[in-house]
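Some notes on the structure that comes next.
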Amino acid sequence: MKQVYLIGTGTNGTGALTADAAAAISRSTLLIGAARMLEPYRSADVETICAYQPEEIADALRKSEATYISILFSGDCGFFSGAKKLLPSLSEYNTTVFPGISSLVSLAAKCGISYENTKQISLHGHDASIAIHVHTNAQCFFLLGGKVTAAEVCKCLCNYGLADITVHIGSDLGYPNEQIMHGKAHDFITCTLPKLTVMITVNPAYLRYIPSAVPDGD
């Protein structure tokens with residue numbers, strides 16, 4: 001039976017790998033993942049297949065004669081990862097999941113803040129209310145990408161009276177061109193950053209309860 005490893009590669013593909021994940025990759029004769037995940041292994045003596053849709057990966061597994069196969073995901077397999085949709089289709093294989101360092105964990109560490117009470121919201125190909133999450137949580141983490149940029153999030157916060165909320169922004173985490181920025185929401189309404197950008201908002205004055213009525217003054 002084929003042994004399939006689902007591997008969270010962390011923030012930069014190799015430097016953030018756990019020792020167990022690196023060992024699993026070294027045992028594999030086939031690596032599957034998006035182009036950015038496969039790039040560090042292009043010169044290695046191992047077959048690679050560029051695929052990231054669950055259907056494409058499942059099809060590649062069925063056709064492959066390899067015994068040990070690693071499927072590479074960015075960040076952590078349990079944090080807004082494609083592994084969630086892929087796992088149900090792997091029942092016919094021996095499957096092991098190796099966690100990685102997520103972008104939330106990485107950004108929080110670089111900012112010197114804890115994250116256990118952080119509300120986690122993906123805006124990567126998804127729609128979600130931004131202001132209400134920030135208004136009702138002490139900390140929020142936003143996974144950005146696609147049409148939603150850090151500037152758009154900050155504009156939204158400013159439009160809803162949250163211009164002075166503290167924000168921590170990280171782009172291209174773990175890569176040589178990594179940027180970490182700190183400030184208020186109004187400081188970043190015109191910023192231009194890469195797609196690989198994430199954000200943590202900090203709101204000490206967050207709403208601790210849902211009011212039963214709206215005050216006349218509001």
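The values are calculated or read from the model by the stated rules, or taken from the named source; none is laboratory data. Keep in mind that what you see is a predicted model, and the values were worked out from it rather than measured. Positions of Cβ are generated from backbone atoms using ideal geometry, with glycine treated the same way; all protein chains shown enter the neighbour counts. For accessibility, only protein heavy atoms count, side chains too; no ligands or nucleic acids. Shrake-Rupley method; radii C 1.70, N 1.55, O 1.52, S 1.80 Å.
Which one of Phe73, Phe98, Phe79 is out of contact with any strand residue (DSSP E or B) (no Cβ under 7 Å at 6 or more places or on another chain) and among the aromatic types (Phe, Trp, Tyr)?
Working: Phe73 fails: out of contact with any strand residue (DSSP E or B) (no Cβ under 7 Å at 6 or more places or on another chain); Phe98 fails: out of contact with any strand residue (DSSP E or B) (no Cβ under 7 Å at 6 or more places or on another chain).
Checking each option against the conditions leaves just Phe79.
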Practice item. Can you confirm whether the range 142-165 contains a residue that is out of contact with any helix residue (DSSP H, G or I) (no Cβ under 8 Å at 6 or more places or on another chain), within 20 Å of Asp76 (Cα to Cα) and not in a loop (DSSP other than H, G, I, E, B)? Key: yes
Review point. Can Ala163 be described as surrounded by fewer than 20 Cβ atoms within 10 Å (Cβ to Cβ), touching a residue at least 24 places away in the same chain (Cβ under 8 Å) and of a type in the set (Gly, Ala, Ser)?
Key: no
Exercise for review: Tell me which residues, restricted to the range 130-155, are crowded, with 23+ Cβ neighbours inside 10 Å, within 18 Å of the chain's Cα centre (by Cα) and without any contact (Cβ under 8 Å) to a residue 40 or more places away in the chain.
Suggested key: Ile130
Review point. Within the range 172-189, which residues are assigned to a loop (DSSP other than H, G, I, E, B), open to solvent by less than 50 Å² (accessible area, probe 1.4 Å) and either closer than 26 Å to Gly161 by Cβ or in contact with a Leu (Cβ under 8 Å, 6 or more places away or on another chain) (or both)?
Key: Asp172, Leu173
Review point. Which residues, taken from the range 138-195, are in contact with a His (Cβ under 7 Å, 6 or more places away or on another chain) and at positive phi?
Key: Gly145, Gly146
Check your understanding: Does Ala66 satisfy being open to solvent by less than 20 Å² (accessible area, probe 1.4 Å), touching a residue at least 24 places away in the same chain (Cβ under 8 Å) and part of a helix (DSSP H, G or I)?
Key -> no
